[in-house]
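The next block holds one structure in the form of structure tokens; read it before the comments.
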């Protein structure tokens, strides 16, 4: 039996990457160049999503210079990682976290890795996001 979302979150460390990070959008044909730029930038934290319409990347703003110019870009993001290995049968983790952030009036983006979730919040609202999540989660660690 898997642990409840509340139990799991109470043991979850929030790892904060203040950034600033950016989200960019490129044509699907540019995905190889996007990956190559991320690798040249030696990113410790980045993700790429490829769907039928575009390639989207989240990466440090400084790494944008290593990539082809994006069609669209949103700058000014911080990343909060829910640093807990989460089995895929746990129900309600993102609902609890996004609900707390919504209640605080915060917009966000989310990305799921195999064992951890990552939340994108505006850098100017990072303190508000952490305040909203502290009652759900364990401690906070800031990484550059």
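Taking into account only those residues within the range 128-137 that are part of a helix (DSSP H, G or I) and more than 15 Å from the chain's Cα centre (by Cα), which is surrounded by the most Cβ atoms within 10 Å (Cβ to Cβ)?
For the range 128-137, the residue satisfying everything is 132.
Suppose we keep only residues that are in a loop (DSSP other than H, G, I, E, B) and modelled with pLDDT under 90 within the range 65-91. Which one would you say is nearest to residue 12 (Cα to Cα)?
84
Would you confirm whether any residue within the range 104-126 is part of a helix (DSSP H, G or I), touching a residue at least 60 places away in the same chain (Cβ under 8 Å) and out of contact with any helix residue (DSSP H, G or I) (no Cβ under 8 Å at 6 or more places or on another chain)?
Checking the range 104-126: at least one residue is part of a helix (DSSP H, G or I), touching a residue at least 60 places away in the same chain (Cβ under 8 Å) and out of contact with any helix residue (DSSP H, G or I) (no Cβ under 8 Å at 6 or more places or on another chain).
Kindly provide the set of residues from the range 105-127 that are surrounded by 14 or more Cβ atoms within 10 Å (Cβ to Cβ) and out of contact with any strand residue (DSSP E or B) (no Cβ under 8 Å at 6 or more places or on another chain), ordered by number.
Within the range 105-127, just 125 meets the criteria.
Hey, can you tell me all the residues within the range 35-64 that are within 18 Å of the chain's Cα centre (by Cα), assigned to a helix (DSSP H, G or I) and surrounded by 17 or more Cβ atoms within 10 Å (Cβ to Cβ)?
Answer for the range 35-64, where residues must be within 18 Å of the chain's Cα centre (by Cα), assigned to a helix (DSSP H, G or I) and surrounded by 17 or more Cβ atoms within 10 Å (Cβ to Cβ): 38, 63, 64.
Go through (1) free of Cβ contacts under 8 Å to residues at least 40 places away in the same chain; (2) surrounded by fewer than 18 Cβ atoms within 10 Å (Cβ to Cβ); (3) touching a helix residue (DSSP H, G or I) at 6+ places or on another chain (Cβ under 6 Å); (4) closer than 23 Å to residue 121 by Cβ one by one and return the number of the condition residue 20 breaks.
Of (1) free of Cβ contacts under 8 Å to residues at least 40 places away in the same chain; (2) surrounded by fewer than 18 Cβ atoms within 10 Å (Cβ to Cβ); (3) touching a helix residue (DSSP H, G or I) at 6+ places or on another chain (Cβ under 6 Å); (4) closer than 23 Å to residue 121 by Cβ, only one is false for residue 20: (1).
Consider the range 23-63. How many of its residues are touching a residue at least 40 places away in the same chain (Cβ under 8 Å), within 22 Å of residue 125 (Cβ to Cβ) and in contact with a helix residue (DSSP H, G or I) (Cβ under 8 Å, 6 or more places away or on another chain)?
Count: 1.
So for the range 85-100 (the condition being surrounded by 14 or more Cβ atoms within 10 Å (Cβ to Cβ), in contact (Cβ under 8 Å) with a residue 60 or more places away in the chain and out of contact with any helix residue (DSSP H, G or I) (no Cβ under 7 Å at 6 or more places or on another chain)), does at least one residue qualify?
no
Take the residues in the range 1-17 that are touching a residue at least 12 places away in the same chain (Cβ under 8 Å) and assigned to a loop (DSSP other than H, G, I, E, B), then tell me which one is surrounded by the fewest Cβ atoms within 10 Å (Cβ to Cβ).
Result: 11.
The values are calculated or read from the model by the stated rules, or taken from the named source; none is laboratory data. What you are looking at is a predicted structure, and each value in this text was computed from that prediction instead of being measured. FYI the Cβ positions are ideal-geometry reconstructions off the backbone, even for glycines, and counts take in every protein chain you see.
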